[in-house]
Amino acid sequence: MAHPKRKISKSRRDKRRTHYKATASTLTICSNCGAIKLSHRACPSCGYYSGKSIFVPES
Amino acid sequence: MRHGVKGFKLGRTASHKKATLRILATALLKHKKIRTTITKAKATRLFVEPIITKAKTDTVHSRRIVAADIQDRKVLQELFGEIAQKVANRNGGYTRIVKLGTRPGDASEMAFIELVDYNLGTQVSEKPKKQKAEPKDTSTVEDKKNEEIVEAEVIEESAQAEDSKVNPKVESAEETTSTEDKKEN
């Protein structure tokens, strides 16, 4: 079986990893309460989705 | 190749998966709205919609086919009665899935799956619906338990006073039902 001839140095390893980036999640504003929420999901602060009450928040 | 193979594996054996889907479908038909992970919600939708369609034709044959999956007799009766009536004019699409975001712990995406004709969505909150639904269930369950307990007591020890022994058991039965309710919330 083929094997690497050299250990990958920290420098090469870290250079490769410079392209590993986290993407910002797409956020929208809730049409009912104005809080920031994830799109296509019920609003965690008011429990509404597309103008309908899906659940009642605990607080 | 697995071309066109319907369904979700859910990381279980086939028998475990079948049991999970039956439980989820029964819970959905019983409570009209349940909260699970998105994958399980989608698997439940795939499993329960043909069952509801089957329940629209009320024959002994269809009842037996549905009863193989919905093994709660009360839920079965409700499915063929009230639910089938409500759903009569709808050609599929009896359920709605609403995503909720991730849960703490394992960051699973959660979702509500609900029967469209029961949860119309407007200003109605969960609380009044549950208050209506609960007394029926708890009363019937408790009555049955009471009857069973009383009968058992009579058979075992007819001489002793029944009330002293029956009461603590009844209380424990009530506690279990209340804890079940909390879990649902």
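Scanning the stretch A:19-34 for residues that are open to solvent by less than 80 Å² (accessible area, probe 1.4 Å) and either away from chain B (no Cβ under 11 Å) or charged (D, E, K, R) (or both) yields A:THR28, A:CYS30, A:CYS33, A:GLY34. Here B:THR44 meets the list (1) in contact with a helix residue (DSSP H, G or I) (Cβ under 6 Å, 6 or more places away or on another chain); (2) within 14 Å of another protein chain (Cβ to nearest Cβ); (3) not basic (Lys, Arg) almost entirely, failing just condition (2). Just one of the numbered conditions (1) open to solvent by less than 70 Å² (accessible area, probe 1.4 Å); (2) in a loop (DSSP other than H, G, I, E, B); (3) not polar (S, T, N, Q) is not true of A:LYS37: (2).
Might you let me know whether the stretch B:64-71 holds any residue that is outside any helix (DSSP H, G or I), in the same structural domain as B:ARG103 (by TED's automatic domain parsing), open to solvent by less than 30 Å² (accessible area, probe 1.4 Å) and not small (Gly, Ala, Ser)? Yes - at least one qualifying residue is present in the stretch B:64-71. Of the numbered criteria (1) more than 14 Å from chain B (Cβ to nearest Cβ); (2) under 25 Å from B:ASN119 (Cα atoms); (3) among the β-branched types (Val, Ile, Thr), the one A:ILE54 fails is (1).
Looking across the stretch B:91-107 at every residue that is under 23 Å from the mean Cα position of the chain (by Cα) and more than 9 Å from chain A (Cβ to nearest Cβ), the one that is surrounded by the fewest Cβ atoms within 10 Å (Cβ to Cβ) is identified as B:ASN91. The single condition from (1) surrounded by fewer than 13 Cβ atoms within 10 Å (Cβ to Cβ); (2) under 27 Å from A:LYS37 (Cβ atoms) that B:ALA14 fails is (2). Could you list all residues from the stretch B:52-69 that are closer than 20 Å to B:ASN89 by Cα and under 14 Å from the mean Cα position of the chain (by Cα)? Within the stretch B:52-69, just B:ILE52 meets the criteria. Of all residues in the stretch A:40-51, those satisfying the criterion of being open to solvent by less than 60 Å² (accessible area, probe 1.4 Å) and within 9 Å of another protein chain (Cβ to nearest Cβ) are A:ARG41, A:ALA42, A:GLY47, A:GLY51.
Do we have A:LYS15 as modelled with pLDDT of 90 or more and at the interface with chain B (Cβ under 9 Å from one of its Cβ atoms) here? No.
Residue count for the stretch A:1-34 under the criterion of being of a type in the set (Lys, Arg) and assigned to a loop (DSSP other than H, G, I, E, B): the result is 4.
The values are calculated or read from the model by the stated rules, or taken from the named source; none is laboratory data. All figures in this text were calculated on a predicted structure; none of them were measured in a lab. Neighbour counts run over all protein chains shown; Cβ positions are idealised from the backbone, glycine included. Protein only, heavy atoms only, side chains kept; ligands, DNA and RNA dropped before computing areas. Shrake-Rupley method; radii C 1.70, N 1.55, O 1.52, S 1.80 Å.
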